[in-house]
Every structure is written in structure tokens, then in C-alpha cells.
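Read-outs: derived from the displayed coordinates by stated rules, not from any lab. What you are looking at is a predicted structure, and each value in this text was computed from that prediction instead of being measured. Cβ: placed from backbone, ideal geometry, glycine included. Neighbour counts: every protein chain shown.
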Amino acid sequence: MADASVIRDARLETLGRFAGLLAIALALFAAVLVLFGRNPLRAYADIFSSTLGSTYGFSETLVKMSPLILTALAAAVPSRIWLINVGGEGQLFVGAMCATWAAIHLTGLPSFLLLTIMAALGVLGGGLWAAIAGALRASGRVSETISTLLMNYIAILLVNFVVFGPWKDPDGVNYPQTAEFSAAAILPMLGGTRVHLGLVFALVAAVGLAFLLARTRWGLEVRAIGGNAEAARRNGIPIERYVLVMMFIGGGLAGLAGMAEVSAIQGRLRPSLSPGYGYSGFLISWMAGGHPAGIVAAAFVLAVITAGGDILQMTQALPGSVVNILMAVVLFVVLGRQVGRR
Amino acid sequence: MTKLFVILMSLAVSAGPWAAEAADPKLKVGILHLGSVTDGGYNQAHAEGIAVMKKNLPEVEVIQVENVPEGADAERVMENMINRGAQMIIAASFGYLEPTMRVAQKYPNVKFFHPGGYKRTPNMTTYWASTPEAFYLMGMAAGKTTKTNKIGYVVALPISFFLANINAFELGARSVNPKAETRVVFTGTFLDPGKEATAANALLEQGCDVLGVIVDSPITVVQTAEKRGAYSVGFHYIGVSKFAPKGWVTGVAFTWGNLYTRFAREVMDGKFKSEDILGGLADDFLTLAPFGAAVPKDAATLVEAKKQDFIARKAHPFQGPLNDNRGAERVKAGETFPLTDLRKMDWLVEGVVGQPR
Amino acid sequence: MITAAIRSLLSGAVMSGTPLLYATLAELLSERAGVVNLGLEGVMLVGAVVGFVATVHTGSAAVGLVAAGLAGGLFNLVFAFVVIGRRANQLAAGLTLMFCGVGLSALIGARYVGSQIAGLPELRVPILADLPIVGPALFTHDALAYAAGPVAVLVWWVLFRTRWGLVVRAVGENPVAAFAAGKNPHAVQYQVLFLAGVLGGLAGAHLSLAVARTWAEWMTAGRGFIAVALVIFSRWHPLRAVAGALLFGGAISLQLQMQALGVPLSPFLLDMLPYLLSLAVLAVSSGRARHAVPGSLGRVFQGTQ
């Protein structure tokens, strides 16, 4: 058993290395900005003040983090048994769709009940959507990487179908969107900000997952499968069932993100619900190695970078494309640490 | 290595554009785009309008952000612009309507402008150029030009504004050519040149010899038509006629420059008033492209006459009786479908082959 | 009308399928060597824009193709360095490459939106092009489209009939064993990734030089990801990749065709066809999938590589 102080030192070392990496990334970022004739200090100051330097800025960062954490967990949970779930986007949409059904058909219910049903449907929708891919994988028919990817496209088309068709806003707008949700169907928000209950969902899920994996028998079996699937199977652990369950949980989390976005942020279902949260979540999950704490941290960094991107466009008059490149450069630097594993 | 960075940074700090702005601008205008301003289409039209505004009013400073998704991000961007001193915001995409209203309510002293919106706050103006009349006229030109009586339309999504355009187009074509038929293919997305080319080819194979287009950028479809010897009708980008020297019929584009100049002037002079502006053929923010050589000469006369009728309100593109392409009656005889209600149009008129949902 | 539809369908299948095939072959090669590149989309975009810009400046589509291939290869080398040289997580690095490609291509292409090129010329194959239906559908395409099939065969031949191909596959199965056998897995992977980049660049170039003959940001619209799926679909075999690309391209063409014919189905439901079809074909023709995965790819997915 390792000594507690050794573990602490190891953690400090990782932290130090991470900080060093961040410094290099920032410096590289600055160099590129200089190349384009911009002032990096000003840029950083602007980014900082817009994301962390004010209550508003910080609240917006949290708003951005909420769906990212959930979709990252959506990829992380199945990844524990080496399933690749790239379907977070589609699962998010299906979850949003199911929650929307409740919002527009179960009017008249008290808010607490309605929101609970919406959340449950969000989880159910996203979970089942992912479970289909899980079933195809468990029966040895289709790799979940390909099925979840294809089902992303199908999910978005489904949303388009209902939004242009049966669920189109009868208020006569005819733009592809559903009717506005009643106040009862909107997730409560904190103070005057847009920080909503979705953040709580996300953090609870992250903590819950860490706990479940580390301290329960279920978590033990999951780790066993992740360590050596064949040996686990021979020990009687029902792999196929776990494939289904893990995919369901992952999809459910993404579906919950969809419900939160559609309820708190959008107020109605639109095809433009998600600017790629599912894929960003996937990226975050694999960057953080699937660890809940790392996921929260990475989601935070990505939220800041995204907001920073807009700031750069605004204050430095940089075209959006350059911001994309800068983001990629930073990510490459962070990814390119000589760690050996991962 | 570290030394190098330190040197670079100090150079940046000393040589970079510090607070070296010229005299304080009289007005800061923020504009957000859903896509990229170099899309050769919708977003570019807005950006070009802003450029004209800047030229006309050099004392105005512009803050421009591209690729802003609808929803929470739009609100954040707008708030950031306001925090940076923007007193006027143009939220250049229909989907920004609700975010704009929320931010507008929060900042009653800032003026907001939204294209295509149908509701507003006291510090907000919505504006749009009603396109069906222009499409009716284009349809007339196309109806006169087509030899196979089949016109194809490559459209992004079955949004009501687009459906209205197609309906007006078909009605215009029918009015000069009773056999004219319009076939619509929806690509499902605003910009995917590969799909647009495939869709265009499919329509051409079905015998269409005129191709129209309603996507972010008309270039692909117009080029495909030209390559296969068909005629083309453009949208969003006046300059696209150069891609179809032989087959160009006409096109329509938004030219927001003067309108944006007027908006900025109003805000600067404190003369802003919240209104819903629905422009048309008589206004300068909708421009009909000159006819191509392929269009018969008598068409130009007919079109000009109709244009004057529209402007004088003596004619209406959606004059009843009108049935949709599934046989149901949509507009009774003697009535018209009001242009202010285009949002409600979710059907395609008889003579159009296509599924609107 | 039906003959026109069939003709159009086949023609559209080739037109949509060609970039898909090149992209699938690119990813296939890469994965055979044990590297998953989710950023193929970015490579395609870089190829598309560089090819377009080069054609605008030189007036020659041939130069454009060469430039596109080179650009794609070089761009993919960046990815190669990050995942091979720095041992980064392949999946994350791939997605990052995609972002980079989107941004880089947008930056390069910004001034060229609306530029006009003649593009790749249509080459009619004499005699064959006059066959009824099949003629105009299959034999009036551009050089890249015609080359796609032969390139697939070439890739198959290189992978399965040459020494180098054997080494590539060995590296993909078990790089440690390959190393023990005296090969340099890293060098091999760099070579493969460059080649894959070239093919990816060509895939993009076909879009910008032949299909659309224009440049638009993110004009690949997800085709790079579809290619990743098609690789699995074709069970890492180049010849089956041809079938996969044609199937998917055909499905895209089919739904657009059906709309043009006026089939009374929602355009969105029709649009689902390619994806549903691919899933169905996969689900039905399964069983051997598990054994076709290159060995070390599994470890990529396990994060131990």
C-alpha cells in the first residue's frame, strides 16, 4: 500500500506538470497572437475578465460547463469497459426530444412534477437510444463506435422531422421549432444568472459516478471487465448485460444534458439545440482519461477557451477561423505531453 | 527557450496595439453572425451591409463575431459586446430572436435590430425584406425562359419563408407559362456543396432546365446548371451571375448597406423608434439582379409592369383562389395570403412538386 | 422518367461516393497501421482548400490535385507527430486535428470564396459512355472518380501483396512484435499517415474541384466521420470499402433523387436512408467483424497505447 504522502507528492507533481503545460500552451498562444499583430496580454486580460473576472462571466462559464460535463460522462461511463460512445450528440437530442414531448403535452402539471417527468424522460430517451447501439454490440453485430456515430445523424434528423412537422409551433411562426415551453417546464435558475439545475445534475453525476465506481460491488465488476473482459466473463460477470447497462447510463446522462439545455437554456426544441456538445464531451472525456474530476476540470478549461474565442473575435478582431486554430494548438500542446500512457 | 518567450512577450507588449485607438467612436455597433462572413451568401450580405455602413459613417466602430450558435452563446456574446460599449446590436439570424429579446429586456438603453423577427421589445426593431414579390418576378422570367417547362429548386430546409418564396416563384412562372412546374429538393442543411451538386444533378436529370437555389451560397447550383447547359436563378449573391455567362436568368439579393446606415444614424442622433420594417421591391435593401442574355426580351417588359403593380399594391403574389399541392384549398377566391403572415405558410402551392415537411 | 432516375442515381452514387472512397481508403490505411484518425475531416478540408486555391492561381486542376495531396499529407504528419512522436491519445488528437483543419482551411480559403475555376474536366469514355443508362451514369465523370476504383485495388495490392504492406499490417496487429522482428513501427506509421493524408487531401480536392467546384467553409460536412464509419463497415478491406462508399453515396443520391421525383415522403425521413441502410447492412452481415479489427487498434481504444 502506498504511503499517503507519496500519493500526495505524486498528485502535486501531476499538478505541477499540468501547470507547466498550461504555461507553455499560453505562451504558444501568445506567440501566435503576436504573429497576427495582436496584443496577447490584452487578449488574456479580456478573456479572464469575461470568463472569471466577473460574476456574470463566471456564471456563463458554469452555464457552458453543465452540458459538457454530462456529455463527457456519457462517453466516460461506457469507456470504463472499453466501449466507444461517440453518440453523445444524438443521445442528447433524443433526450431533449422526449423531455419536449412532456413539456408540450403535459401542460397543467405543477412545475416540480413536470420537471421531474421531463428529466426522467430525458434520461430514458437518451439511455434507450444508446442502448440500441449497446444491444447491437452485445450481440456481436455492430461496433458501437459506428452505430452510435450513425445514430447521431438519425437523431438529429428525427428532431428535424418533429420540429418541422407534428410539433411545429402552432403559434404560426413556422420556423423549425416547437412551441415555447410554459414557465412550469423551465428548469429553475440561480439568482439573476443562467446557471441552472443542470449544473447540479452534472456535478452530482460526476461525484456519484466516482463513488459508485470506487466503492460499490457494481463498480468492482465494471473495473473487472475493464481490466480483463475474458477473465471477468469466466468469473461469471454478465458482460453483455453490462454493455447494455453502461451504454444506457452513458446515453441517459447525455439525454439529461439535452433535457437541461432544452428546458433551461432554449425554452423550446430546435434543431440547433447543441453546437456539438456531444463531440466536445467525447473529446473532454478522452483527454481527462475518463476520470470524473478530470472531466470537470477539462470542461471548465474548454468552457473558458470557447468563451475566450468569442472575446478574441470581439476585441482582437480575429476571424473565427483563427480562434479554431488557436484552440487546436493549445489542445495539441496539452495532448502532446510525454507521458507514455494515454 | 524561456528567454525567447520573455523577449517576444515584451516586444508584443511594447509594440502591440495598446490603447492606441483613434478618437473615441461615436457609436459602437455589435453584429453577430450564425455562420461565417465569407460564405458567399446570407451572412456575407449582412457583413457587406455593415461594411457599407462603416464607409458611410467612419465615426462608427464595429464589433463583429462570427459562428455564434443560437441560444445561450448568442446571449453571452451580446452581453459581452454591451460590456465593451456597444450601444447598437444587430443579431443577424432569425434564430437569435429570443436571446435578443432577453438581452434587450436586460439593457433597455441599448438598441437592438433583428432580421425576420415577429415580436419585439420597446428597444428593438425587426426588419426584413419581403422576398415573395421578387421571387414572383423571377418566376415570370424563368417561366418565359424554360424550354422544358420544368424548373428545379435546391432548397436548404422547408422553412416557411423559403416555401413562400418557392410558391411565389411558381405562381409567377405559371402566370406567363401555364405549363410551368417547379420541383423542390431539400438538402437538409444550409451549406453542403456536395449535396447541392448532387441535388442539382438529380433535378436536371428529371428534365429541369432552370435551376433555382435557396441555400447559404448559390455558387454550386448555378455552376452545376451552367455546366449542364441549364439556366439558373440566384439568391443571396448578386455576383454569382459571372458563374453562368450563358444560362443566367436573374437573382435577388439583400443589400443591407443603406438600411444599416440609416439605423446607425438614428441611434446616434437619438431618433430610434421601435418598428417592424417589412421592405419590398421599392426599397433598396432588396435588389433584383439584371436579366441574363437568355431571358427573352418580352419577359423584361412583363416583369417590369408586374413590378410596378406590386409596388403600387395593385397586385399581390398570393392572390386566391390557391390550392396546395395536395389538393386542399388554402386561399379563397378574392382573398390574398397576407405577406405579414408568411411565417404561417407551411404548404407548397399546386404546380410545385415537393414535400414541405 | 424511371430510366432518368436510375441514370441519375448511379451517377450520383459515383459522384457522392468518390470522396467517400478516398477518405475511407485513407482511414483504412491509417487504421491498418494501428492509428485511428478522427480528424480526417480536417485533412480533407485542408486538401480541399489548398487544391482549390492552387487551381485558382495556376488555372490547372492537375496542379490543384497535387497540391491538395501534398497538403493533406503534410497536415496529417502533424497528427502523426502528436500521436506517434508524443504518444498522445489518438482519439482526442484526431478531434483536435479536425478543429485545426476547420480553422486552417477557413483561414486559407477566406479570400477565395466566390472564386471561379474550371475544375476537373469531365472525361467521356468513348464508346462506353454511349451505353444506355449505364453509359452517361458511369462513364462521364472526372479523372479522380475513374481513378478511385483502381486506387482501391492499388491499396489492396500494396497492403496484401507487398512486403511493405505486410510490415504495415504487422505493425497494426502488434507493434511490439514488429519491433522485435527488426522493423521500425514508428517510421512505418509515419509513412502510412503521410500516405493517408495524401488520400484524404485528394478526397477533399474531389469535392472542391469536381463535385462543387467552389470552396465553402466546412464543405466536407461530416464526410470525414462517415469515412471512419465506412472503414469499420468494410471490415478494414479496401475492396469492400468500394462497396461501402458506393452504398452510402448511393443512399445519399437516392434520397435526393426521390425528392426530385416527388415521392411523398418527408425529406428528413428520406435523409435518414443512408444511415439506416448502413446500419442494416452491418447488422445483417455480422459475425466476422470481431476478428477483422487490427490488433493494436483495440489497445488504442483501451487507452493503453
* What order do you get for A:98-104, B:298-304, B:231-237, B:84-90 when each peptide is scored by the mean count of other beta carbon atoms within 10 Å, highest first? -> B:231-237, A:98-104, B:84-90, B:298-304
* Quick one: which residues, 5+ away or cross-chain, put their amide H under 5 Å from the amide H of A:Ile186? H built at 1.01 Å from N. => none
* Spatially close lysines, pair count over the stretch B:58-208: Cα under 17 Å, gap of eight or more or interchain -> 5
* Asked: Cα centroid distance between the stretch C:188-209 and the stretch C:4-70, in Å?
  -> 7 Å
* Asked: Considering every residue in B:90-102, what mean count of other chain Cβ atoms within 10 Å of its Cβ is obtained?
  -> 2
* Whole-Hz couplings from phi, Karplus 6.51/-1.76/1.60, listed for the stretch C:101-111; x for Gly and Pro -> x, 4, x, 4, 5, 5, 5, 5, x, 3, 7
* To do: Pull up all non-local amide H partners of B:Arg120: gap of 5 or more, or a different chain, and H-to-H distance under 5 Å with H placed in the peptide plane.
  => none
* Going highest first, how would you order A:245-253, A:148-156 by mean Cβ packing within 10 Å? -> A:245-253, A:148-156
* To do: With runs of 4+ DSSP H residues as the only contributors, calculate the mean residue ellipticity of chain C at 222 nm using -39,500 (n - 2.57) per run, divided by the residue total and rounded to the nearest 500.
  => -23000 deg cm²/dmol
* Which far-off residues, 5 or more places away or on another chain, put their amide H under 5 Å from the one on B:Val62, with H placed in the peptide plane? -> B:Val29
* **Inter-chain shielding of C:218-224 (mean C-beta neighbours from other protein chains, 10 Å cut-off)** => 4
* Asked: Under the Kirkwood approximation for Rh and a Cα-based Rg, what ratio Rg/Rh is obtained for chain C?
  -> 0.98
* **Label-point separation, C:Leu265 to A:His291 (7 Å along Cα→Cβ), nm** => 4.9 nm
* Residue-wise, which Karplus ³J(HN,Hα) couplings in Hz belong to the stretch B:194-208, taking 6.51 cos²θ - 1.76 cosθ + 1.60, θ = phi - 60°, and x for glycine or proline? -> x, 5, 4, 5, 4, 4, 4, 5, 4, 5, 5, 4, 7, x, 5
* Average other protein chain Cβ within 10 Å of Cβ, residues A:137-148 -> 5
* To do: Using a 10 Å cut-off on Cβ atoms, rank the peptides C:205-215, C:54-64 from the highest mean neighbour count down.
  => C:205-215, C:54-64
* Against the longest principal axis of chain B, how steep is helix B:297-311, in degrees 0 to 90 to the nearest 10, with axes from Cα atoms? -> 60 degrees
* Could you work out the local net charge near B:Ala156, counting Lys and Arg as +1, Asp and Glu as -1, over the other residues with Cβ closer than 13 Å to its Cβ? => -4
* **chain A, helix-only ellipticity at 222 nm - DSSP H runs n ≥ 4, -39,500 (n - 2.57), divided by all residues, nearest 500** => -24500 deg cm²/dmol
* Structure fact -> Mean-square fluctuation maximum in Gaussian network of chain A, Cα pairs under 10 Å, restricted to A:Ala19, A:Ala264, A:Ala45, hits A:Ala19
* Selected from A:Ala202, A:Gly108, A:Gly290, residue furthest toward positive end of dipole (the stretch A:64-300; charges at beta carbon) -> A:Gly290
* Per residue of chain B, what 222 nm ellipticity follows from adding -39500 (n - 2.57) for every DSSP H run with n ≥ 4, rounded to the nearest 500? -> -11500 deg cm²/dmol
* Convert each backbone phi in the stretch B:224-238 into a coupling constant with the Karplus relation 6.51 cos²θ - 1.76 cosθ + 1.60 (shift: θ = phi - 60°), then list the ³J(HN,Hα) values in order as whole Hz, x for Gly and Pro. => 4, 4, 4, 4, 9, x, 9, 8, 9, 10, x, 7, 5, 8, 4
* Asked: So for B:Met101, B:Met81, fewest C-beta neighbours within 10 Å to most, what's the order?
  -> B:Met101, B:Met81
* Roughly speaking, what is the centre-to-centre gap between the stretch B:206-268 and the stretch A:71-112 when only Cα atoms are used, to the nearest Å? -> 40 Å
